[in-house]
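Accompanying notes for the structure given below.
The values are calculated or read from the model by the stated rules, or taken from the named source; none is laboratory data. Fair warning: this is a prediction, and the values are worked out from it, not measured in the lab. When we count neighbours, we look across all protein chains shown, and the Cβ atoms used for this are built from the backbone with ideal geometry, even at glycine.
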């Protein structure tokens, strides 16, 4: 075979490859929009079903089941966590006179079965019912508020108080250990904006507050509540920390350790302030 013939064959080969690419590229381009629409439709339906599943719960104080907490229909977060394999999830809040009382994180690894992770944000006992059956009834406070040392006095203007809370939140840090043994804790990322903001004008104890989250991927793991609480004749910034994940969570304010929650024992004890209900199917309308 001459060098000229070999050269021509090489050119023909390259031409065939280019022709294949040109021919099939439009087909792929046509396929992608349909796939995107299918994924978007699935996500919209899944969000609707997760919202319906959360709304099926009724939460109330343990001593008055008729006084229902307010369910906030809009999720505070839509998230995923590729590190843990979470494909899709949402988080919802229940409140009383503005103050958050409980949070549930609904998520899936396979788009078929869902886990419901509950954390009490209440300083009192509460109950959660579904279909007139009590599924969760923590008897202990879910959070304990502590005064933030050296914090400024809460500002008189709402916007300035938000700025203060954002500044204070940045002084906290948190880590997550999903497994056990010698696994190194992972640093969590603080979302700059609170996911839930509340004013409590009708509560003499409090003036203003917000819920911040520490995330892995975009999934909520650590929960930081900041609140301007009454102290004497004025108000002072306080904090409370909680976790929203099965692993161990630790938190610091500056260099000071302020929170440690061990890995969930998976006992399914409904009296605990943190509870996981696994393999839940989404309630469909």
For segment 108-128, which residues satisfy the criterion of being in contact with a strand residue (DSSP E or B) (Cβ under 9 Å, 6 or more places away or on another chain), at pLDDT below 95 and surrounded by fewer than 22 Cβ atoms within 10 Å (Cβ to Cβ)? 108, 109, 110, 111, 113, 115
Could you check segment 204-244 and list, in sequence order, the residues that are farther than 27 Å from residue 264 by Cβ and in a strand (DSSP E or B)? 206, 207, 208, 228, 229, 230, 231, 234, 235, 236, 237
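Could you list all residues from segment 157-182 that are surrounded by fewer than 16 Cβ atoms within 10 Å (Cβ to Cβ) and over 29 Å from residue 234 (Cα atoms)?
Hits for segment 157-182 are 179, 180, 181, 182.
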Quick check on segment 246-260. Is at least one of its residues in contact with a helix residue (DSSP H, G or I) (Cβ under 8 Å, 6 or more places away or on another chain) and on the phi < 0 side of the Ramachandran plot? no
Could you tell me whether segment 70-79 includes any residue that is closer than 24 Å to residue 46 by Cβ and free of Cβ contacts under 8 Å to residues at least 12 places away in the same chain? yes
Go through the residues of segment 245-257 one by one and say whether even a single one is surrounded by 23 or more Cβ atoms within 10 Å (Cβ to Cβ), in contact with a strand residue (DSSP E or B) (Cβ under 6 Å, 6 or more places away or on another chain) and not in a strand (DSSP E or B). yes
Only one residue in 274, 259 is at pLDDT 95 or above and more than 25 Å from residue 62 (Cα to Cα). Which one? 259
Give the residues of segment 258-267 that are surrounded by 12 or more Cβ atoms within 10 Å (Cβ to Cβ) and assigned to a loop (DSSP other than H, G, I, E, B), sorted by residue number. 262, 263, 264
Only listed residue being touching a helix residue (DSSP H, G or I) at 6+ places or on another chain (Cβ under 8 Å) and either surrounded by 20 or more Cβ atoms within 10 Å (Cβ to Cβ) or over 28 Å from residue 57 (Cα atoms) (or both), chosen from 149, 138, 154, 185: 154
By residue number, the members of segment 163-188 that are in a helix (DSSP H, G or I) and either within 17 Å of residue 245 (Cβ to Cβ) or free of Cβ contacts under 8 Å to residues at least 60 places away in the same chain (or both) are 163, 166, 167, 169
Is at least one residue of segment 198-206 surrounded by fewer than 22 Cβ atoms within 10 Å (Cβ to Cβ), over 21 Å from the mean Cα position of the chain (by Cα) and at pLDDT 95 or above? no
When (1) under 21 Å from residue 193 (Cβ atoms); (2) touching a residue at least 12 places away in the same chain (Cβ under 8 Å) are applied to residue 160, the one that fails is (2)
Would you check if residue 215 is within 24 Å of residue 94 (Cβ to Cβ), within 13 Å of the chain's Cα centre (by Cα), surrounded by fewer than 22 Cβ atoms within 10 Å (Cβ to Cβ) and touching a residue at least 24 places away in the same chain (Cβ under 8 Å)? yes
